[in-house]
Amino acid sequence: MSRRVFVTGLGILSSIGRNLPETLDSLLASRSGIGHLRHLETPLAHEFPFAEVRFSNNQLMEMAGLSPQEGHTRNALLGIIAAREAFHHAGLEKSGTGKTGFVSATTVGGMDMCEKYYTDFLTNDSRNIYIDVYDCADSTEKIADLLGIRDFITTLSTACSSAANAILLGARMIRTGQLDRVVAGGTESLTVFHINGFNALKILDKVPCRPFDAQRNGITLGEGAAYLVLESEESIRGGSRPLFAELTGYGNSCEAFHQTASSPDGTGAFLAMEKALRMSGLEPSGIHYINAHGTGTDNNDIAEGLAIERLFGSRIPPVSSTKPFTGHMTSAAGSAEAILSILCMEHRFLLPNLNFSTPMPELRFAPVTELCLDSEVEAVMSNSFGFGGNDTSLIFTRPS
Amino acid sequence: MFHSPAYINGTGLISPQETADPSRFLPQIREYTDDFLSCIDPDYKEYIPPLAARRISRLIKMGITSAFMALRDAGYHSSLSTELAEPKQPDAIITGTGLGSVEDTERILNGMSAGETLMNPTPFIQSTYNTISSQVAIQLRCHQYNSTYVHRIFSFETALLDALMQFKEGMAASALVGGIDEITVNHLAITRRAGHWKTGPVHNLSVLQSGTPGALAGEGAAYFLLENRVSPSTYARLLSIDTFYKPGTARQVQNHIREFLLASGFNESRPDAVILGLNGDSLWDPFYSQIAHNVFPGIPWLCYKHLCGEYYTSTGFALWLTANILKRQEVPPALLLNDIKPGRLETVLIYNQDRNINHSLILTGTA
């Protein structure tokens, strides 16, 4: 049970970049991916900004090396590109022994095609190729097939904490000795379905999201995919591949308060962070950066902020939400933000919480607002909270 | 393959059969001639106040109710009551669902087809797959580990695997684990186009002899209260679990099952019975027969999908059957597939597969 879990590969595709190097460039330039929708058609495109991946499905198919006849959803395409980057980044195509698993997270699944062809599904046979790609498992199986992963696959969905829980499950499968390496993360495409859903909940901001700002007024939805390669100590032994981080703590807790709202004091957030911290063996002062869930909703940012204050007391580490860069990537947010947190550690910088101007009166701290180079970042905490109060916190430390 | 025994100490099952009363074991087999099999509604009032029940959709209602049936059966908290300040709680709540609330998803899609953009948020919230697990947690005010798996016929199995891992890791001593899916008229019509189902109504008790392609669709909600120790309500033990993906030929499937049995402690011996996932699809039932002839000769073969229909989390129904079979040492005749009479049953294996893509094994034994 003492097996350590290392991060050996990263892959990310979002509105701020098609891969890890482009993502890093955007972060260093404080360049946000939030703008107007170009590919998805909805009347709400004119009402709200979004963080859409800048490529059309055909362009994504080309990038993924697939032919357009295969019935791929946008979800699968985003996932294929990001998971493949992580897989190659870790050099897994060359490592043959041991067992490899794939744990992927999504909530919208193949809804992009389903919502487009639903009337056809009900009335004719013209779009039958898209019927079986509607569910959450489809993208997982397509990605696993392209990576040649057979030993274990599954799909997880806990709304906006899905990808963090995929990382958590992958790590546990390594620690319990079932797998030697796991590609874990999430993929989520923008769909009219969930844009309408968030709009009905009245939690979309008309301007790019402003987490932890007193004027904040909701979420900016984004899309993309991000995967991490997790490996056991045995799996990396004797190799010369770089280690990007060690996953030393994780905590999953349920808020058990309301289906879509956080409790006023952030009980679930506090419990998840506390569990992760206890497992890591670190003192609160050992956490050098918190990548907050920080959605920009009135409710989340108070609850999360108060939970951070409760856990860290008078010594609150630098905190920022990177959702003003990537938008809220929902089921892919957990792994995307884990990667951004790991980049902070690797490159010793702190990422700014863009769009911030006015501190929240309810909180004693304000987020980081400038890119801080040459910072001490030995351990990072990445928070992901979902509808239903599914709260998860991950801690990565510099590998030793 | 993961081997880490746990005790099944409470069960709750809502299905097309009479399964809601834990004191009885399939008192009378229900026959249907229909396009799909629907669950028999239990008396929801016993578990959910009528006012609250009106606000939640069918799948969520089935999920909460079957979860509370399992908790009640195991001697935990029994219904949604605000009077109980400190209900006894499981250390983890984990759900598998292949499709989540189909009814809510369709409600939104139908609205969108009609050109509506502003929606009532309730169907959207309920369409989110983790709603069942989190609703159960909300009703129990349970802050413990909570997760949801959504991978076709692996959904319930990954939930069970997660629970067994929690026990082994020392993170939990109890876990409420469920498998739940529903079928609707629309969903049946759509997926019929993809060729998954029989093209018209069939008699459920003769579906395994139909000789035609396609399965009979069904649904169900099963929850189990697992604990790391025996209790007065113990049914059986859950011993090992495995899911495997695209194994290749039937021979490779057989090898995989043999390796699983070997790793679970069967050297030359076999389990005392096997429950197979035959569903009446003439394209795939011969695959089961081939595996059964080669790996399980001489033991009773049992079947269950003619009772509950085919759905992604149907092994929840099968696990409920094995729990009862092992506890009562009684096999309802409707389950018997071959001519071998069950004797004393110490171990029962469940083997399910979907088009030779996804395969799962669940091994259970007497307490």
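The values are calculated or read from the model by the stated rules, or taken from the named source; none is laboratory data. Nothing here was measured: the structure is a model prediction, and the numbers come from that model. Quick reminder, even Gly has a Cβ in these numbers, built from the backbone with ideal geometry, and neighbours come from all protein chains shown.
Restricting attention to the range A:1-60, which residues are without any contact (Cβ under 8 Å) to a residue 60 or more places away in the chain and among the aliphatic types (A, V, I, L, M)?
Answer for the range A:1-60, where residues must be without any contact (Cβ under 8 Å) to a residue 60 or more places away in the chain and among the aliphatic types (A, V, I, L, M): A:Ala29, A:Ala45, A:Leu60.
Check A:Ser30, A:Ser26 and return the single one that is in the same structural domain as A:Ala137 (by TED's automatic domain parsing), assigned to a helix (DSSP H, G or I) and of a type in the set (Ser, Thr, Tyr).
The match here is A:Ser26.
What do you reckon, is A:Thr322 closer than 18 Å to A:Ser253 by Cα, buried (at least 24 other Cβ atoms within 10 Å of the Cβ) and under 20 Å from the mean Cα position of the chain (by Cα)?
no
Would it be correct to say that A:Ile174 is farther than 22 Å from A:Gly386 by Cβ, of a type in the set (Val, Ile, Thr) and within 22 Å of the chain's Cα centre (by Cα)?
Spelling it out, A:Ile174 is indeed farther than 22 Å from A:Gly386 by Cβ, of a type in the set (Val, Ile, Thr) and within 22 Å of the chain's Cα centre (by Cα).
Do the conditions hold for B:Ala67, that is, is it among the small types (Gly, Ala, Ser) and farther than 25 Å from B:Leu161 by Cα?
Here the answer is no, as B:Ala67 does not meet what is asked.
Could you say which residue among A:Ile203, A:Ile174, A:Ile167 is more than 17 Å from A:Glu231 (Cα to Cα), in the same structural domain as A:Gly91 (by TED's automatic domain parsing) and in contact (Cβ under 8 Å) with a residue 40 or more places away in the chain?
A:Ile203
Counting only residues that are outside any helix (DSSP H, G or I), touching a strand residue (DSSP E or B) at 6+ places or on another chain (Cβ under 8 Å) and either aromatic (Phe, Trp, Tyr) or within 14 Å of chain A (Cβ to nearest Cβ) (or both), how many does the range B:183-204 have?
Selection size over the range B:183-204: 3.
Could you figure out which of (1) within 8 Å of chain B (Cβ to nearest Cβ); (2) crowded, with 24+ Cβ neighbours inside 10 Å; (3) more than 17 Å from the chain's Cα centre (by Cα) isn't true of A:Thr140?
Among (1) within 8 Å of chain B (Cβ to nearest Cβ); (2) crowded, with 24+ Cβ neighbours inside 10 Å; (3) more than 17 Å from the chain's Cα centre (by Cα), A:Thr140 violates only (3).
Here is a list: A:Gly222, A:Gly185, A:Gly170. Which entry is in contact with a Leu (Cβ under 7 Å, 6 or more places away or on another chain) and away from every other protein chain (no Cβ under 14 Å)?
A:Gly185
Could you give me the residue pairs with C-beta distances under 6 Å whose first residue belongs to the range B:147-165 and is more than 7 Å from every other protein chain (Cβ to nearest Cβ), whose second residue is polar (S, T, N, Q) and assigned to a helix (DSSP H, G or I) wherever it lies, and which are 6+ apart or on separate chains?
B:Phe156/B:Thr315
Read through the list (1) over 27 Å from A:Ala307 (Cα atoms); (2) within 14 Å of chain B (Cβ to nearest Cβ); (3) of a type in the set (Val, Ile, Thr), then give the number of the only condition that A:Thr260 fails.
Every listed condition holds for A:Thr260 apart from (1).
Which residues, taken from the range A:81-108, are assigned to a loop (DSSP other than H, G, I, E, B) and within 15 Å of the chain's Cα centre (by Cα)?
Within the range A:81-108, A:Thr106, A:Thr107, A:Val108 meet the criteria.
Identify, please: which residue in the range A:23-74 is more than 17 Å from A:Thr187 (Cα to Cα) and among the β-branched types (Val, Ile, Thr) and is, among those, surrounded by the most Cβ atoms within 10 Å (Cβ to Cβ)?
A:Ile34
Would you mind finding the one in A:Asn165, A:Asn199 that is surrounded by 21 or more Cβ atoms within 10 Å (Cβ to Cβ), more than 30 Å from B:His359 (Cα to Cα) and within 9 Å of chain B (Cβ to nearest Cβ)?
A:Asn199
Looking only at the range A:252-260, decide whether some residue is free of Cβ contacts under 8 Å to residues at least 40 places away in the same chain, surrounded by fewer than 20 Cβ atoms within 10 Å (Cβ to Cβ) and not in a strand (DSSP E or B).
No.
Scan A:Leu122, A:Leu77 and give me the residue that is surrounded by fewer than 19 Cβ atoms within 10 Å (Cβ to Cβ) and either within 13 Å of chain B (Cβ to nearest Cβ) or not in a loop (DSSP other than H, G, I, E, B) (or both).
Residue meeting the stated conditions: A:Leu122.
Check B:Ile108, B:Ile40 and return the single one that is without any contact (Cβ under 8 Å) to a residue 40 or more places away in the chain, of a type in the set (Val, Ile, Thr) and surrounded by fewer than 22 Cβ atoms within 10 Å (Cβ to Cβ).
Just a single option satisfies the conditions, and that option is B:Ile40.
For the condition at pLDDT 95 or above, closer than 27 Å to A:Arg3 by Cβ, touching a Phe, Trp or Tyr at 6+ places or on another chain (Cβ under 9 Å) and not β-branched (Val, Ile, Thr), what is the one hit in A:Ser393, A:Ser384, A:Ser375?
A:Ser393
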